[in-house]
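Just below is one structure, and these are the notes that go with it.
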Amino acid sequence: MSAAASDLARPRSALFSPFELRGVRFPNRVVISPMQMYLGREGMANDWHFQHLAKYAVARAGCVFTEVLCVEPRGRNTHWDLGIWSDAHVPPLVRIREFVESCGAVPAAQIGHCGGKASRQRPFDGHGPLGAADAARGEPPWTPVGPIAEPSAPDYHLPHELTVAEIAALVDAFGAGTRRVAGAGFRFLEVHAAHGYLIHSFYSPIGNRRQDGYGGDRRGRMRFALEVAEAVRGEWPEDRPLSFRLSCVDAVDGGWEMEDTMVLARELRERGVDAIDCSSRGIRGATSLANLEAARRPARAGYQVPYAEALRHETGIPTMAVGLILTPGQAERILVRGQADLVLLAREALFDPHWTLRAARELEPDAGGWDFWPPSWGWWLAQRDRIGVEPDD
Ligand SMILES: Cc1cc2nc3c(=O)[nH]c(=O)nc-3n(C[C@H](O)[C@H](O)[C@H](O)COP(=O)(O)O)c2cc1C
C-alpha cells in the first residue's frame, strides 16, 4: 500500500483531515494508543506484537503506537514487558515500523519506566507483586525504584529511593532508549509520564515527598520530567515530533491538579515537546483504569477529553484525547469542537480492529467507500455490493 492511497480523496470530516507536527504528516486523526500485551521475553517484540499493530495499520489508522518500551529492566511492570535498553531490542521493532509505515500510518513508539509499579504479575495473572510462587515458576521479583521508599499500592514492593546519581543515570537511559527508537526509524515518539509510573511519581505530590532538588515544591518535583524531556529531545531528530503522556490530574486529595499540568506542559513545550497526550490518575493503585474500576461507578465516555480541551485552549499546545472514545461520531465531535488534535483508541480498537475503516464509511459516505480499504479486501466487498444480496428468507 502506498502512503497516498491511505488518504481519502476529499475528506469532509475532521477525523479524516490530515494533521502535521514538525515534518510528519498524519493522514488522519485516528491514533492507536499504546497497549501493553505482556507477551515479550527479555523485552523482545515478537510476532504477536507484529500482528497486533499491523492490523490497525492495515485498517488505515493514521498513527499506530507501540506499547511502552522500558528504558531499563528495572522499569518493567512484569517479566513480559517490552524493552529498549539494548540494541538487541531494535530489529523486531524495525520490522513492525516498516510494515506500519508501508500502510501509510505514522509509526510511533512510546518509551517509559514504570518506577514503583515494577515487579508485578501480569494483569491477567493477578496484577499483584511478584512473590515466592512466581519465583518458583521462573518469575523472580526485583526491587523497584522510585522518588521515595513508599509502595505505590498496598502490599506492593517497597521501592528503593533513588539517589541523585541514580536519577542522572535514568535520564541517560531515556536518552539511550530514544537513540534506539530513532535508529529504528519511528517517526513519532511519546514519553510515558502518566499512570503512576516513574516520571509521574516524581511530579505528583502524592508520589514524591523528597526534600532535595528533585522534590519539595512543584518546580523541584517537575525537574526529573524536564530533564528527561531535554535528554530525549537531544537524541530525537529535529524533524520528528515528540509527545508526553501526562496524568493531568491525580484525582486524589492533595494530588496533582489541572493547573499544575498547565505549568508542566508549558515547560515541556519550551523543551521541544510538541503535543500532550492527556490521560489521568494511577498515582496509587494498580493502573489508572483500575482506579476507575475501584470507584465502582460507570465511567463516562470521553472522560478525559476535558483535560485535552482545557490544555489546548489555555496553552495552545496540540493535545491528544484518550479514554473511552468509542464511536466515530464522538471522535468527530471532539475534533470539530476543538477539544483535541488527535484522538486515541485503546480498548475500542481491541474490540474492532477495523474501527478506522468503519469510521470512514460512516463519516465519509462519498469518499470513504471500498477504495479506502486495502485493495485485496475492498475489491471483493465492492464486487459483492455490485452483485447485491437477496435475504435468505
Ligand atoms: C491492554 C492495554 C494495555 C495498555 N498499555 C498501555 C501502555 O503501554 N502505555 C500507556 O500509556 N497506556 C497503556 N494503556 C492505556 C491506554 O493507552 C488508554 O490510555 C486507556 O486504555 C484508555 O483508553 P480506552 O478507553 O480507549 O481503552 C493500556 C490499555 C490497555 C487496555
Practice problem: May I ask you to list the residues of the range 229-267 whose amide nitrogen lies under 19 Å from a point 7 Å from Cα along the Cα→beta-carbon direction of Arg209? | Solution: 250-257
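Taking the highest mean first, how do the peptides 155-165, 225-235 order by number of other beta carbon atoms within 10 angstrom per residue?
Taking the mean over residues of other Cβ atoms within 10 Å, the ranking is 225-235, 155-165.
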Self-check item: Span per principal axis, largest first, for the Cα atoms of the chain (Å)
Solution: 70, 50, 44
Quiz item: Going by a ≥ b ≥ c, the root eigenvalues of the Cα gyration tensor, does the range 109-187 fall in the rounded group (a/c under 1.5), the prolate group (a/b larger than b/c) or the oblate group?
Solution: oblate
Quiz prompt | Size of electric dipole in the chain: Cβ of Lys, Arg +1 and of Asp, Glu -1, about Cα centre, debye, nearest 20 | solution = 140
Exercise. Using only the alpha-carbon atoms of the range 244-371, report the extent along each of the three principal axes, biggest first, to the nearest angstrom.
Key: 51, 37, 21
Practice problem: Run through all the Cα pairs of the range 145-235 and give the fraction in each 10 Å bin from 0, expressed as whole percent. | Solution: 17, 47, 27, 8, 0
Quiz item: What distance in nm separates the simple spin-label points at Leu326 and Asp217, each placed 7 Å from Cα in the Cβ direction?
Solution: 4.5
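Can you pull out the trypsin sites (Lys or Arg not before Pro) in the range 277-346 that DSSP calls coil and that have at most 14 other Cβ atoms within 10 Å?
Loop-located and lightly packed - Arg296, Arg300, Arg337.
Coordinate-derived values only; no laboratory data. From a predicted model like this one, the values you see are computed outputs, not experimental measurements. Counting neighbours? That spans all protein chains shown, and the Cβs are built from the backbone with ideal geometry, glycine included.
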